[in-house]
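Nothing in this text is a laboratory measurement; each read-out follows from the coordinates by a stated rule. Since the structure is predicted, the reported quantities are computational estimates derived from the model, not experimental observations. Reconstructed Cβ throughout: ideal geometry from the backbone, glycine too, with neighbour counts over all protein chains shown.
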């Protein structure tokens, strides 16, 4: 759960739609962990994609 919270926090701090790779770079998390968190967040609707391959927290 801690990874998911870090991913959301990083996305909010970026202030723009970001890719999983950008989240991994900005947060220092492993890319595989970010990918798992993205999958969970997409499934429950916590993040949305306004631009192809970029994501942001749902409003």
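Summary table
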| quantity | calculated |
| --- | --- |
| Listed candidates (1) 0.90; (2) 1.14; (3) 1.20 - label of the one calculated as Rg/Rh (Cα atoms, Kirkwood Rh) | (1) |
| Relative contact order of the chain, defined on C-alpha pairs under 8 angstrom at six or more residues apart (%) | 38 percent |
| Potential lengthening between residue 59 and residue 40 on full extension [0.36 nm per residue; Cα-Cα distance subtracted] | 5.1 nm |
| Estimated [θ] at 222 nm from DSSP helical runs (n ≥ 4, -39500 (n - 2.57)) normalised by residues in the chain, nearest 500 | -18500 deg cm²/dmol |
| GNM flexibility winner over the chain from 48, 34, 18 (Cα, springs under 10 Å) | 48 |
| Projected label distance in nm at residue 30 and residue 2, using a 7 Å step from Cα toward the beta-carbon | 1.4 nm |
